[in-house]
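What follows is a short report on a single structure.
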Amino acid sequence: MKLVFAGTPEVAVPALDALIASGRHEVAAVVTRPDAPAGRGRRLVASPVAERAEEAGIEVLKPAKPRDPEFLERLRAIAPDCCPVVAYGALLPRVALDVPAHGWVNLHFSLLPAWRGAAPVQHALMAGDEITGASTFLIEEGLDSGPVYGTVTETVRPTDTSGDLLTRLAFAGSGLLAATMDGIEDGSLKAVSQPADGVTLAPKITVEDARVDWSAPALRVDRVVRGCTPAPGAWTTFRGERLKLVQAVPAPERTDLTPGQLAAGKNTVHVGTGSHAVELLWVQAQGKKPMRAADWARGVRITDGERVGG
């Protein structure tokens, strides 16, 4: 088939690579978000998908909105058979959805109908899911509600951050998306409607969602820290300033601390929760680089009874 691939961040690159490498289909063009300011100089930088497509000599389309007339005209001129999508980042209007004969097929990082929305991996971790995965489905105008072509499963490891899990799913999902394109082309694959039961939503994680509630059990604190790493980053406050929690682990041996209470040893920093303590391993103070929690504690000279979280 002739394909137009839509995607933006680094997590979409493995799928683009898989489609290019398959040799069975032609990736005629790539659709991605416009260049965005990045770094201290805030200079405009192309998306990871745009960079990869340019390396491969593939035409890159960067519409401000996918309903822009110029973009739609070019899409119709290319006349793709199907448009595979991975984390493109913009809603597709019906006028665009109707262009390819086989529609737009999305690779979504959950086992649908669970975790429909922008942040499925973060929500799966924060909810304590033991199994997750990726799904390919036909995009409709509803939120991730279209019929499903296929899935792959992935075990959630006890120390997984959302970054760890998303990386594994990106590579597992790339094979699934390539296989889905093959099945659509030869007619061996039919999309199956999602069940009405088991629908959960995964909206974008806000900065406030990432704030740690120290009155919650240690298990919940651990899930929030891992689910929000690397983005948006779990955080708390210390002496009125934000403190990012880069890495923390449950410490069931410490049950003597009240929620938010700090205890700094020679090489350890513990914080009380609603159950047992957690040990802070890496933190990032406001305006600073990430550092070992023990080094941070020595620098700020934590006093007895001092707390995080206000």
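For region 121-135, take each phi angle, set θ = phi - 60°, evaluate the Karplus expression 6.51 cos²θ - 1.76 cosθ + 1.60, and give the result in whole Hz per residue in order, putting x for glycine and proline.
5, 4, 5, 4, 5, 5, 8, x, 4, 8, 10, 9, x, 9, 9
Note the direction-averaged projected area, equal to a quarter of the hull surface, for the Cα convex hull of region 52-105, in nm².
So the mean shadow area of the Cα hull is 3.9 nm².
Is any residue of region 219-261 close enough, with backbone N under 20 Å, to a label point placed 7 angstrom from the Cα of residue 292 along the Cα-Cβ axis, and if so, which?
Inside the label zone: 244-251.
State, in angstrom, two size descriptors of region 135-200 derived from its alpha carbons: Rg to one decimal place and Dmax to the nearest whole number.
13.7, 41
Counting only protein heavy atoms and a 1.4 Å probe, tell me what percentage of the chain's accessible area is made up of carbon and sulfur.
Here it works out to 52 percent.
Give the residue from 103, 205, 268 lying farthest towards the positive end of the charge dipole for the chain; charges sit on Cβ (+1 for Lys and Arg, -1 for Asp and Glu) and the dipole is referred to the Cα centre.
268
Please state, as a whole number in µm²/s, the translational diffusion coefficient that the Stokes-Einstein equation yields for region 2-76 at 37 °C and 0.692 mPa s, with Rh defined as the Kirkwood radius across alpha carbon pairs.
254
Using 0.36 nm times the number of residues separating residue 72 and residue 10, minus their current alpha carbon distance, what extension gain do you get?
Stretched fully, the residue 72-residue 10 segment lengthens by 19.8 nm.
Compute the accessible area per residue over the chain, keeping the other protein chains in place, probe 1.4 Å, unit Å².
48
Roughly how big is the chain's charge dipole about its Cα centre, with Cβ charges of +1 (Lys, Arg) and -1 (Asp, Glu), in debye to the nearest 20?
1240
Given region 156-310, report the % of alpha carbon pairs whose separation exceeds 28 Å.
34
Of the residues 100, 232, 252, which exhibits the maximal mean-square fluctuation in a Gaussian network model of the chain defined by a 10 Å Cα contact cut-off?
252
Along each of its three principal axes, how wide is the spread of alpha-carbon positions in region 233-310, in whole angstrom units, largest first?
32, 24, 23
Using the scaling law 2.2 N^0.38 Å as the reference, what is the normalised Cα Rg of the chain?
Against the compact-globule rule of thumb, the ratio is 1.15.
What net charge is computed for the residues neighbouring residue 22, neighbours being all others with C-beta under 11 Å from the C-beta of residue 22, Lys and Arg scored +1, Asp and Glu -1?
For residues surrounding residue 22, the net value is -3.
Hey, in the GNM for the chain with a 10 angstrom Cα cutoff, which one of 292, 211, 226 fluctuates hardest?
In the Gaussian network model the winner is 292.
List the lysines whose Cα sits under 27 Å from the Cα of residue 65, skipping any in the same chain fewer than 8 residues away.
Those lysines meeting the cut-off are 2, 204.
Which value, in Å to one decimal place, does the Kirkwood hydrodynamic radius take for region 167-214 when every pair of different Cα atoms is included?
14.6
Report the antiparallel proportion of the DSSP beta bridges in region 1-137 as a percent, rounded to a multiple of 5.
30
Quick one: among 133, 233, 57, which has the greatest mean-square fluctuation in a GNM of the chain with alpha-carbon springs under 10 angstrom?
57
Would you please give the FRET efficiency between residue 94 and residue 256, computed as 1/(1 + (r/R0)^6) with r the Cβ-Cβ distance and R0 = 51 Å, to the nearest 0.05?
Computed FRET efficiency for residue 94 and residue 256 comes out at 0.25.
The values are calculated or read from the model by the stated rules, or taken from the named source; none is laboratory data. Predicted model only: the values in this text are computed from it and were never measured. Reconstructed Cβ throughout: ideal geometry from the backbone, glycine too, with neighbour counts over all protein chains shown. Heavy atoms of the whole protein, side chains included, go into the accessibility calculation; ligands, DNA and RNA do not. Shrake-Rupley method; radii C 1.70, N 1.55, O 1.52, S 1.80 Å.
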